[in-house]
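As structure tokens, the structure follows; a few thoughts come after it.
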Amino acid sequence: MSPWIPDSPPTFADYVAVLPGPFPVLPVLAAVLAVAYLAGAIRLWRLGRRWPVWRMVSFLLGCVLLAGTTGLGVEAYGYALLSVFMFQQLTLMMAIPPLLVLGSPGTLLLRATPHRGVGQGLLRAAHAGLRSRAARWVLSPWLALPIYLAAFYGLYLAGLADRILATIEGHVALEVAFLVAGVLFTIPVLSSDPLPMRLSHGGRAIDVFAEAALHAFFGVFLMMATTMLVTQFVAPTEALGLDPLEDQRLAGGLAWSYGEAPTLLMLVYVMHRWFREDTARAAAEDRYADVHGTSELNAYNAYLESLRKKDA
């Protein structure tokens, strides 16, 4: 057992405390992302260009949540309890990515990056990425959904979790993979940034429904399991004086309940955007028809005019 894994049952204060652990890869990444985002937003404001404050708040909140989930005491207990590790996985895949994506970091990058020097090369790379087939493939739901399947069913039911979680590097690598998988799934659903491909609103809703069903069914499966799916957590959990099977059932309950909340909010947001854009499109078409008419209206008017001439 690693020396920083706690030896007493956790309390809420333990979860939010700063405890010793391995090198904080994701907290450092969160700090870098937050500083870069703030620098871009401040540059736009200094140039007299607007940038929505709510987008900045959303992105920074995602960075704070990322740093807290992988840098506070919850990270130390994530090495000992499957329920805590499941909480981290759900947060990294379903709660943090929407906050980051709604911050529109891609649009901020394109607007705030200088058009000379290093910035010019960065912009060229960004535009090349938007036009590449690789980016279109990476952001396709045909990739995101299999990754989601692998992150739950493949990882736990195929016995991969025991092999990967046996090392500290494997544990951290899984956390990074969870975050990447969540971002890849969320970008086509919520992003307002320029993208190499864009799903229809119906496609986005179907994606969200499919994702919700995936981890909800997985949560029920965990709650009903009578044997441990990840034996790597058995000894650390027993060392804390807790029952590993009960902790696994708690992990399943989190996947079934806590995992549904971000998904429901994403679905509400998608449906709201769908309704708003359809309403705006219908209003624009009505305004155009009032000024220029439509083919059906013009044909009807021509028909009435022909009848009038016959009567005359």
Completion exercise
Among the residues of region 40-50, the number that are surrounded by fewer than 18 Cβ atoms within 10 Å (Cβ to Cβ) and in contact with a helix residue (DSSP H, G or I) (Cβ under 8 Å, 6 or more places away or on another chain) is 4
Completion exercise
Scanning region 183-202 residue by residue, the ones that are free of Cβ contacts under 8 Å to residues at least 40 places away in the same chain and either within 22 Å of Phe59 (Cα to Cα) or surrounded by 16 or more Cβ atoms within 10 Å (Cβ to Cβ) (or both) total 1
Completion exercise
Matching residues in region 66-84 (out of contact with any Asp or Glu (no Cβ under 6 Å at 6 or more places or on another chain), assigned to a helix (DSSP H, G or I) and either farther than 21 Å from Phe23 by Cα or aliphatic (A, V, I, L, M) (or both)) number 5
Practice task
Working only within region 18-27, note down all residues that are out of contact with any Ser or Thr (no Cβ under 9 Å at 6 or more places or on another chain) and open to solvent by less than 70 Å² (accessible area, probe 1.4 Å).
Solution key: Leu19
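Residues to consider are Leu149, Leu99, Leu123, Leu92; find the one that is within 19 Å of the chain's Cα centre (by Cα), more than 21 Å from Gln248 (Cα to Cα) and part of a helix (DSSP H, G or I).
Numbers: Leu149 fails: more than 21 Å from Gln248 (Cα to Cα); Leu123 fails: within 19 Å of the chain's Cα centre (by Cα); Leu92 fails: more than 21 Å from Gln248 (Cα to Cα).
Leu99 is the lone residue from the list that is within 19 Å of the chain's Cα centre (by Cα), more than 21 Å from Gln248 (Cα to Cα) and part of a helix (DSSP H, G or I).
Select from region 19-65 the residues that are of a type in the set (D, E, K, R), more than 19 Å from the chain's Cα centre (by Cα) and part of a helix (DSSP H, G or I) and write down the one among them that is nearest to Glu75 (Cα to Cα).
We begin by selecting, within region 19-65, every residue of a type in the set (D, E, K, R); these are 43, 46, 49-50, 55.
Still in the list and also more than 19 Å from the chain's Cα centre (by Cα): 43, 46, 49-50.
So of that shortlist, the ones also part of a helix (DSSP H, G or I) come out as 43, 46.
Details: Arg43: 35, Arg46: 38 Å.
It comes out as Arg43.
From the list Ala144, Ala134, which one is open to solvent by 50 Å² or more (accessible area, probe 1.4 Å) and either in contact with an Asp or Glu (Cβ under 6 Å, 6 or more places away or on another chain) or closer than 30 Å to Gly203 by Cα (or both)?
Details: Ala144 fails: open to solvent by 50 Å² or more (accessible area, probe 1.4 Å).
Matching residue, one of Ala144, Ala134: Ala134.
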Practice task
Specify which of the listed residues (Leu157, Leu179, Leu165) is open to solvent by 30 Å² or more (accessible area, probe 1.4 Å) and in contact (Cβ under 8 Å) with a residue 12 or more places away in the chain.
Solution key: Leu157
Completion exercise
For Trp256, the lone unmet condition from (1) within 22 Å of Met93 (Cα to Cα); (2) in contact with a Ser or Thr (Cβ under 7 Å, 6 or more places away or on another chain) is (2)
Exercise for the section: Could you check how many residues of region 203-222 are surrounded by 16 or more Cβ atoms within 10 Å (Cβ to Cβ) and closer than 30 Å to Pro6 by Cβ? Expected result: 5
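Does Pro98 satisfy the criteria of being under 19 Å from Val172 (Cβ atoms), out of contact with any strand residue (DSSP E or B) (no Cβ under 6 Å at 6 or more places or on another chain) and not aliphatic (A, V, I, L, M)? If you could, list the steps in order and put the result at the bottom.
Working: under 19 Å from Val172 (Cβ atoms): no; out of contact with any strand residue (DSSP E or B) (no Cβ under 6 Å at 6 or more places or on another chain): yes; not aliphatic (A, V, I, L, M): yes.
For Pro98, the condition - under 19 Å from Val172 (Cβ atoms), out of contact with any strand residue (DSSP E or B) (no Cβ under 6 Å at 6 or more places or on another chain) and not aliphatic (A, V, I, L, M) - is not met.
The values are calculated or read from the model by the stated rules, or taken from the named source; none is laboratory data. Because the structure is a prediction, the values reported are computed rather than measured. Here Cβ is always computed from backbone atoms with ideal geometry, including for glycine, and neighbour counts include all displayed protein chains. We work out accessible area using only protein heavy atoms, side chains counted, and drop any ligands, DNA or RNA first. Shrake-Rupley method; radii C 1.70, N 1.55, O 1.52, S 1.80 Å.
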